[in-house]
Number of protein chains: 2
Amino acid sequence: MAKYEQLAEQLATQIKQGVWQPGEKLPSLRKQSAMTGFSLMTVLHAYQLLESQGMLCARERSGYRVADAIETTGNTGVMQSAESVSVNDFVFDVLQASRDPHMFSLGFAYPDPSLYPRQHLTKSLSAAARQTTVTSALDNLPPGNQALRQLIAQRYAARGVNISPEEIVITAGALEALSLSLQVVTQPGDWVLIESPAFYGAMQALERLGLRAITVEVSPDRRLNLAAVERALQSKPVKACWLMSAFQNPVGVSLSTEDKQALAELFDKYQVALVEDDVYAELYAGKQPLLPLKHYCQHGNSLLCSSFSKSLVAGFRIGWIAAGQHAKAIQKQQLLSTISTSVPVQLALVDYLETKNYEKHLHQLRRTLARRKCDMFEYLKTHWSSFATVHHVPGGYFLWVEFAPQVDTLAIYHLALKLRITLAPGKLFSLNGEYSHCLRVNASFELTPARRQLLEKLTTRIQLYLAQF
Amino acid sequence: MAKYEQLAEQLATQIKQGVWQPGEKLPSLRKQSAMTGFSLMTVLHAYQLLESQGMLCARERSGYRVADAIETTGNTGVMQSAESVSVNDFVFDVLQASRDPHMFSLGFAYPDPSLYPRQHLTKSLSAAARQTTVTSALDNLPPGNQALRQLIAQRYAARGVNISPEEIVITAGALEALSLSLQVVTQPGDWVLIESPAFYGAMQALERLGLRAITVEVSPDRRLNLAAVERALQSKPVKACWLMSAFQNPVGVSLSTEDKQALAELFDKYQVALVEDDVYAELYAGKQPLLPLKHYCQHGNSLLCSSFSKSLVAGFRIGWIAAGQHAKAIQKQQLLSTISTSVPVQLALVDYLETKNYEKHLHQLRRTLARRKCDMFEYLKTHWSSFATVHHVPGGYFLWVEFAPQVDTLAIYHLALKLRITLAPGKLFSLNGEYSHCLRVNASFELTPARRQLLEKLTTRIQLYLAQF
């Protein structure tokens, strides 16, 4: 094969793979020649060959462009619908599906992104861009930006929770925070107490770190059975407990003050480290925030993890750990995973939090979420109560729906998908395939007339599906 | 204890912990009362008590501020100097020490941060801030921003390396890229072939993932002994090979084209997955870039990892994987670690890469690094050659220095630290404590007269230390 044919074949592959999109300009002859090492003449012949094959168009004085009609392999964007999919596949599919602007994302883990204060954050990002200096990247190494850590500590202080900026480590979102926390308080093979149902991220992290799980049931009514917790701690040498004390994902319930005190005592008695996932903390419904379980733990072996993803902005990927005595160990662990978090977004958050707009935004967000959650609850209660129980507790934006035990919500998930609705089936939140008759519903989206219509269709399809039992 | 005394004690603790810094304003009486639930009167009494204790100052019409003379527990910023420290402790200390603007960071893994094009990046960040939309966070979910992936693929295409945008996954830096890659091609207990000496991140990742390492020596002269590679592949069922084909960290050498072809054939023959760390690829010294080893691997089971951290900006924490057939598995694995990378920095990189400034910057960067590396090499050759061998190969910014076998460079590391110079001792790059007589020197910093003076002092101290042998 001649050299120009070789190059043409290479370029043709690139065009088919989408490296060069239809209509896009290819590098100039001179540039292509400099980069690939082929002579100018070889490049010209290759371009001419591709032009003769209809893959390129030559335009007067503007070089060669990819023809408009070329088909690329591109994104398919279609979801799998096999009956047996892993939790991870599910989460992946639900996240990917949420990219579709026409999808009604009731399975989404984040609140409606239109609730984030985009304009204020844009201003703060621009301000942060202007503030970066030669050494910013170094100032923001673990444990993270000093001013940001202080602002976070001040927010805790305002609620009476004593957390020093020195124990705070900034992470790439809450999931990294939780996974690093688990790593510093456990060794592979250790037992970890988790809730059931639980956030799938917790179960996946346990699996990935070679940890063994012992579960305690979460009930929509009374939350945690303390006697069951103590039995679990007696039955296994539990090293750590991962839980959400506020607006638990997926059920939505929170621990009472008394239960938090009692749990803290149990953890102290059995020397169990606490890894607390507090990402919904800011989304309380009443006037007063809930205090984290860490606040009640006197023994110091507790790590409080949170982020801005659910309350301010999902795309920044900034979380933190109030790590107590483990702060230094966490930073060292971070050097093995992501090294540090992005500098500009840390600076942007400092700028935003200093403007005091956050309180106003949170106030508005809490009101909107509370209203939308009530609307969704009313809708489901009215239309679904003949075949399902809808649990509603104030705060956050999740509703937990229970069908009859023989119903498989995976089937409902697939029904919904055909209507461009995602749902989070209960199995996602289970270690042993339990909760297959449950659904978590994201109630953060406005119930517009179009969405109500879509829900009506879904209701009809569910009823048809249930008629078979 | 009265309520106001309780609150005062809480606030005093917060002040000592640095939540409120000297001179900083405390929340107003009304705000403090609203947040803590104490009455206005209780808050006032608490503030007055702290004022009487000298911890707060009341200022006319501007509320209460923390007194200026309060001592906080603060950052100590002092490095440990115990003789036995783990690799991780070292890396942590060297990174933390680099924050000190007076430190001469010869142990630093990144190039001199003043070489990054800060002003252009600032503009791009501001532009990105203006571009974010409600759905940006969704558009940038795994595999990452489509335009960014295409721009990266185009850079490869320009060198004749065929990589489709569809196989590229954006990650939180190269280290996450490498660790995710290892995870998808291995199971705990598997054998992985690595170089010796090797990037410590590789060894740490292997340890964290429960993988077993088999090593092949890297020589400053001929790089890899292919017969030794084949013997290793024959002796163990090696699943993957992690290596750097260009400007290997720490030794600085690169694989020849012939060695890359031969290695690719070996990996094909023994069905070994390639995890290639290509972070220094852009820092070549001549006119032509080096082609990655992946380019020669026809079997498709190869993952090419890189980032912008060494060539454009360290603080963005954006890397990528050209993952071939593993692209989807990588994205699913990402949902278990960081979910996705920060949206604004992805958008900023797209903006920057589209401006074409990157080529100009790289051109300048390569020239500066080549000059500085030569300067440092000349200095060390002149002053150290009586007691050490300094290896110099073109490209990148590392020099590899070998002392006599009985010398422990850990001692030299500590000598240097007292002069505010960091160094990277050879042990950092070894699985079995080898290379304890070697040093990696970062040659990316300008050799100013002040730095030359400092190096002279270091040389004298090293000579004194070596006199004992």
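Taken residue by residue and averaged, Cβ atoms of other chains lying within 10 Å of the Cβ of A:343-355 number 3. Ignoring aspartates and glutamates fewer than eight residues from B:K31 along the same chain, the ones with Cα atoms less than 14 angstrom from its Cα are A:E359. Straight Cα distances below 18 angstrom link B:K418 to the lysines B:K457, with same-chain residues fewer than 8 positions distant left out. A straight line joining the Cα centroids of region B:428-469 and region B:115-148 runs 40 Å. Averaging sequence separations of C-alpha pairs under 8 Å and six or more residues apart, then dividing by the length of region B:3-66, give the relative contact order as a whole percent. Result for region B:3-66 is 42 percent.
Legend: mean number of C-beta atoms from other chains within 10 angstrom of residue C-beta atoms, peptide A:137-144, equals 5.
Distances between copies at A:R367, taken between label points 7 Å from Cα along the C-beta direction, are 6.0 nm in increasing order. With K and R counted +1 and D and E -1, the other residues having a Cβ less than 13 Å from that of A:S124 yield a net charge of +3. Across all Cα pairs in region A:3-66, the calculated P(r) in 5 Å bins from zero up to the longest distance comes to 4, 21, 32, 31, 12, 1 percent per bin. Here the protein assembly as shown is treated with +1 on each Lys and Arg Cβ and -1 on each Asp and Glu Cβ, and its dipole about the Cα centre works out to around 1900 debye. The residue among A:Q271, A:A411, A:Y358 whose Cα reaches farthest toward the positive pole of the charge dipole of chain A, with charges on the beta-carbon of Lys, Arg, Asp and Glu, is A:Y358.
A viscosity of 0.692 mPa s and a temperature of 37 °C, combined with the Kirkwood radius over C-alpha pairs in the Stokes-Einstein formula, give the protein assembly as shown a diffusion coefficient of 110 µm²/s.
Using alpha-carbon positions, what is the distance between the centroids of region A:232-247 and region B:185-209, in Å? Taking the Cα centre of each part, region A:232-247 and region B:185-209 sit 32 Å apart.
Each label was represented as a point 7 Å from its Cα along the Cα-to-Cβ direction; for B:A67 and A:K31 these points are 6.5 nm apart.
Computed about its Cα centre, the charge dipole of region B:256-379 is approximately 280 debye, with only Lys, Arg, Asp and Glu carrying charge at their Cβ.
Give me the one-decimal nm value for the distance between modelled label points at A:L419 and B:A58, 7 Å along each residue's Cα-to-Cβ direction. That separation, rounded to one decimal, is 6.3 nm.
Taking the inverse of the mean 1/r over every pair of distinct Cα atoms in chain B gives a Kirkwood hydrodynamic radius of 25.0 Å.
The Cα center of region A:280-312 and the Cα center of region A:15-36 differ in position by 52 Å. In nanometres and ascending order, the distances from the B:Q53 label point to those of the other copies are 8.0 (point 7 Å from Cα along Cα→Cβ).
Counting only alpha carbon atoms, the long axis of helix B:146-158 and the longest principal axis of chain B meet at about 30°.
Helical content of chain B, expressed as a calculated mean residue ellipticity at 222 nm, amounts to -13500 deg cm²/dmol (DSSP H runs of 4 or more residues, -39,500 (n - 2.57) each, divided by residue number, nearest 500).
Taking all Cα pairs closer than 8 Å and separated by 6 or more residues, the relative contact order of chain B comes to 18 percent. Give the residue from A:Y110, A:S342, A:A388 lying farthest towards the positive end of the charge dipole for chain A; charges sit on Cβ (+1 for Lys and Arg, -1 for Asp and Glu) and the dipole is referred to the Cα centre. About the Cα centre, the residue reaching furthest to the positive side is A:S342. Projecting each Cα onto the charge dipole of region B:144-203 (Lys/Arg +1, Asp/Glu -1 at the beta carbon, about the Cα centre), which of B:A198, B:G173, B:V184 comes out farthest on the positive side? Of the listed residues, the answer is B:G173. To the nearest ten degrees, helix B:449-466 and the longest principal axis of the Cα atoms of chain B are 70 degrees apart. Taking a Cβ cut-off of under 10 Å around A:F308, the surrounding Lys, Arg, Asp and Glu residues balance to a net charge of +1, with basic ones at +1 and acidic ones at -1. Less than 5 angstrom separates the built amide H of A:W191 from those of A:R212, A:K239, all sequence-distant by 5 or more or on a different chain. As a length-normalised measure over Cα pairs under 8 Å and 6 or more apart, the relative contact order of region A:118-355 settles at 31 percent. Each label point was placed 7 Å from the Cα along the Cα-to-Cβ direction; for A:Q48 and B:A2 their separation is 9.8 nm.
Here is how far apart the A:A285 label points are across copies: 6.8 nm, shortest first, using a point 7 Å from Cα toward Cβ.
Remark: region A:3-66 carries a charge dipole of roughly 220 debye about the Cα centre, counting +1 on each Lys and Arg Cβ and -1 on each Asp and Glu Cβ.
Neighbours of B:A450 by Cβ distance under 12 Å: Lys/Arg scored +1, Asp/Glu scored -1, total +2.
Here, each number is a calculation from the coordinates, and none is a lab measurement. All of these numbers come straight from a predicted model, not from anything done at the bench. Neighbour counts run over all protein chains shown; Cβ positions are idealised from the backbone, glycine included.
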